[in-house]
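Notes follow once the structure below has been shown.
Just so it is clear, none of the values below were taken in a lab; they were calculated from the coordinates. Just so it is clear, the model here is predicted, and its values are computed rather than measured. Because the Cβ atoms are built from the backbone with ideal geometry, glycine has one as well, and the counts that use them run over all protein chains shown.
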Amino acid sequence: MTNFIAACVQHNATENIDTNLPIVKDLIHLALDQNADFITLPECVSLMEPNQDYLIQKAPEEREHPFLELYENEAKKSKIWLLGGTLAIKSKNNLGHNKIFNRLYLFNPLGKIVAKYDKIHMFDVNLGNGLVYSESETYEAGNRAVVANIPWGKLGLSICYDIRFPKLYRDLAHAGANILCAPAAFTKVTGEAHWHILQRARAIETGSFIISPALCGSHSEGKESYGHSLIVDPWGKILADGGEGPGVISAKIDMNKVNEVRAKIPSLQHDRTFTLETV
């Protein structure tokens, strides 16, 4: 199979998992109404809690997370592939301290989890005007990149801030990935400046499709998410843009485009080793 319909769910998550669950279920059904074969959901889809202490308290353990049951049921019932937007999963680190994994799940049409990915790069930044983010204080960073087989190609997984690290995506592409996903909860400040550029750059650099569902809207403590879920082709053309509000975007994906672009500009074959000299 070379053609499929990809969809991005765009959601304004609240601080309550039980409130978010039926909203996300309805958005998944909206994507199904667009005949999506592959549905993707954004970062922090089940819980957008800016307060780090409250987040640790609210995050369920994996076996207890109600969104995993939702993902399993929807994938199995509709016989679709589903990239379950990231969940805050409680776990103890090696020192016994409570930490959270920011974890992405890939479900097959049998409702089985076939891949998991924990966000590698932590968003520790000070954007000014009181906008300070310190993910490493709450989250345990992942240490493994993931490429998963899906019917239309190989899927490289990533999350939000990862998009600023081109080497990850080049490594995913060298491992066979020709579709990249970067579910995100980009801030409005950084999104307005960088989001579209970064998404298109990663697609162009690797000659891959990139499918990036995004969180949107205003949250507590003055935090805002940018929205603008994107589907970008290997030439860097934006096929769909979610704008600012909740909803679903979709686009027809023709995987022949990957071979066409990589034949024109085979940059993945042109990597060279070199030494670095400072003078």
N149 versus S134: modelled label distance in nm, points set 7 Å from Cα along the beta carbon direction: 4.5 nm
Taking the range 146-264 on its own, what percent of its Cα-Cα pair distances exceed 26 Å? 17 percent
Taking H placed 1.01 Å from N in the peptide plane, check which residues at least 5 places from I5 or on another chain put their amide H under 5 Å from its amide H. D37, F38, I253
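Sorted by packing (mean other beta-carbon atoms within 10 Å per residue), highest first, where do 58-65, 154-161, 82-89 land?
82-89, 154-161, 58-65
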Inter-part gap, Cα centre of the range 56-74 to Cα centre of the range 15-35, in whole angstrom, is 14 Å
Can you tell me how the range 212-279 classifies by the Cα gyration tensor, rounded, prolate or oblate, using a/c under 1.5 as the rounded cut? oblate
Sort the range 3-263 into rounded, prolate or oblate with this rule: let a ≥ b ≥ c be the square roots of the eigenvalues of the Cα gyration tensor; rounded if a/c is under 1.5, and if a/c is not under 1.5, prolate when a/b is larger than b/c, oblate otherwise. rounded
Residue by residue through the range 131-146, the couplings from Karplus 6.51 cos²θ - 1.76 cosθ + 1.60 with θ = phi - 60°, in Hz, x for Gly and Pro, are 8, 10, 10, 9, 4, 5, 6, 10, 9, 8, 5, x, 9, 9, 7, 9
Taking amide H positions as placed 1.01 Å from N in the peptide plane, with prolines and chain starts having none, which residues 5 or more places from K99, or on another chain, fall under 5 Å of its amide H? S91, K92, N93
Per-residue ³J(HN,Hα) for the range 183-194, Karplus 6.51 cos²θ - 1.76 cosθ + 1.60, θ = phi - 60°, Hz, x for Gly and Pro: x, 8, 10, 4, 5, 5, 4, 6, x, 4, 8, 10
FRET efficiency for E277 and S91, Cβ-Cβ distance as r, R0 = 41 Å, nearest 0.05? 0.40
Highest average packing first - 214-225, 8-19, 175-186, 133-144, Cβ atoms within 10 Å: 175-186, 8-19, 214-225, 133-144
Cα to Cα, under 19 Å, and not fewer than 8 places away if on the same chain: which lysines meet these conditions relative to K77? K25, K112
Below 8 Å between Cα atoms, with a sequence gap of 6+, how large is the relative contact order for the range 173-279 in percent? 23 percent
Reachable lysines from K167, Cα under 26 Å, same-chain residues fewer than 8 places away excluded? K116, K119, K154, K188, K237, K257, K264
Projected-area average for the range 1-153 over all orientations - Cα convex hull basis, square nanometres: 9.9 nm²
Take every DSSP beta bridge with both residues inside the chain and express the antiparallel ones as a percent of the total, to the nearest 5. 70 percent
Which residues qualify? For L239, with a placed amide H closer than 5 Å and at least 5 residues away or on another chain, they are I231, V232, D233
Output wanted: per-residue J couplings in Hz (rounded whole) for the range 69-81, from phi through Karplus 6.51 cos²θ - 1.76 cosθ + 1.60, θ = phi - 60°, x for Gly and Pro. 5, 4, 4, 4, 5, 5, 5, 6, 5, 9, 6, 10, 8
Which of G245, C216, V261 sits farthest toward the positive end of the charge dipole of the range 207-273, with +1 on the Cβ of Lys and Arg and -1 on the Cβ of Asp and Glu? V261
Residues with beta-carbon under 11 Å from that of L157, excluding L157: net charge, scoring Lys, Arg +1 and Asp, Glu -1? +3
Please give, to one decimal in nm, the separation of the simple spin-label points placed at L239 and D171, each 7 Å out from Cα toward the Cβ. 2.7 nm
If you average over every viewing direction, what projected area does the convex hull of the Cα atoms of the range 1-86 give, in nm²? 5.9 nm²
